[in-house]
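The values are calculated or read from the model by the stated rules, or taken from the named source; none is laboratory data. Treat the numbers as computed from the prediction; the structure is a model and nothing was measured. Methodologically, a virtual Cβ is constructed for each residue, glycine included, from the backbone with ideal geometry; neighbour enumeration extends over all protein chains shown.
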């Protein structure tokens, strides 16, 4: 995951069709056998496929040009040319394809399935056997294959998840992800340990909940400070949010309001998502009292105290995440289901 990449600029080209053939039958005892030129083969397509095992666009970092194979030319004895081989470009769930020049969204794999034929290969040209007529028994005409298409694309990744963990650096997001899931993010007692988004799966009974650990925000992130907008965009694909507030930090009282303002400045839609506020590190001295103050500060919100170290509140939080995911899945297919659909 250290090679995390969420953007790539690529060029793609479908294959050209093969040329039709001008040929005549030349067999013993058949002196005037007529035309026998075969058609050219069809060019290969450019196809994007979602692969569940991919999490980044790192595989597009060093390869920027993808071309499908051209169709082979037709041959005599009405032998058709072989079709060109398609080029298949794998992408992770949540990928968006944009026209590199206009910025137009071509395909959003967060909603639109798992396979997409973007450019069709060119048709093969007709051989001269198609041009035989009563007035032209020996046509010397064949058609060239149709040329393939080429496009420049900007490929962007926006992570799909049911729950997005947001908070200041060192608020405990990576530790919570490690406690809940099979993910193993880098954890250390200093800020900005997490520099890339991490995903994990929380299994509750017979269902899976996708949790995303977004790198720590700071005040001004919506304007580009710190890790800034680069990772804020990943929150837009989460179905619900968990605000993590470090109750042992000096800025614990104003942390929630700052997080809310940064998300609202980036996209007003983000603050409309269902959320839970988590006061973390409740095993440390003085944090229990601060948790009660935090609950009073947000009377209309769901506020829960947790400690990854002692396990305080972790079972309750798992149930909350489960209820959030279930309620959202009743309204529409969840990102977790989209993740597994078609595989």
* Asked: residue 89 passes all but one of (1) more than 12 Å from the chain's Cα centre (by Cα); (2) part of a loop (DSSP other than H, G, I, E, B); (3) crowded, with 19+ Cβ neighbours inside 10 Å; which number fails?
  -> (2)
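Residue by residue, here is whether (1) under 27 Å from residue 92 (Cα atoms); (2) at pLDDT below 80; (3) not assigned by TED's automatic domain parsing to the domain that holds residue 108 holds:
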site: 214; (1), (2), (3): yes, yes, yes
site: 222; (1), (2), (3): yes, yes, yes
site: 242; (1), (2), (3): yes, no, yes
site: 247; (1), (2), (3): no, no, yes
site: 268; (1), (2), (3): yes, no, yes
site: 276; (1), (2), (3): no, no, yes
site: 281; (1), (2), (3): no, no, yes
site: 285; (1), (2), (3): no, no, yes
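Taking the residues in the stretch 260-278 that are part of a helix (DSSP H, G or I) and under 25 Å from the mean Cα position of the chain (by Cα) as candidates, determine which candidate is surrounded by the fewest Cβ atoms within 10 Å (Cβ to Cβ).
Within the stretch 260-278, the first condition is being part of a helix (DSSP H, G or I), and the residues that meet it are 260-266, 270-272.
Restricting the remaining residues to those that are under 25 Å from the mean Cα position of the chain (by Cα) gives 262-266, 270-272.
Working: 262: 22, 263: 25, 264: 14, 265: 15, 266: 20, 270: 21, 271: 16, 272: 10.
Filtering the stretch 260-278 for residues that are part of a helix (DSSP H, G or I) and under 25 Å from the mean Cα position of the chain (by Cα), the one surrounded by the fewest Cβ atoms within 10 Å (Cβ to Cβ) comes out as 272.
Only one of 128, 136 is crowded, with 19+ Cβ neighbours inside 10 Å, modelled with pLDDT under 95 and more than 28 Å from the chain's Cα centre (by Cα). Can you tell me which?
Working: 136 fails: crowded, with 19+ Cβ neighbours inside 10 Å.
So the residue among 128, 136 that is crowded, with 19+ Cβ neighbours inside 10 Å, modelled with pLDDT under 95 and more than 28 Å from the chain's Cα centre (by Cα) is 128.
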* To do: Give the residue, chosen from 122, 81, that is assigned to a loop (DSSP other than H, G, I, E, B), touching a strand residue (DSSP E or B) at 6+ places or on another chain (Cβ under 8 Å), surrounded by 18 or more Cβ atoms within 10 Å (Cβ to Cβ) and at pLDDT 90 or above.
  => 81
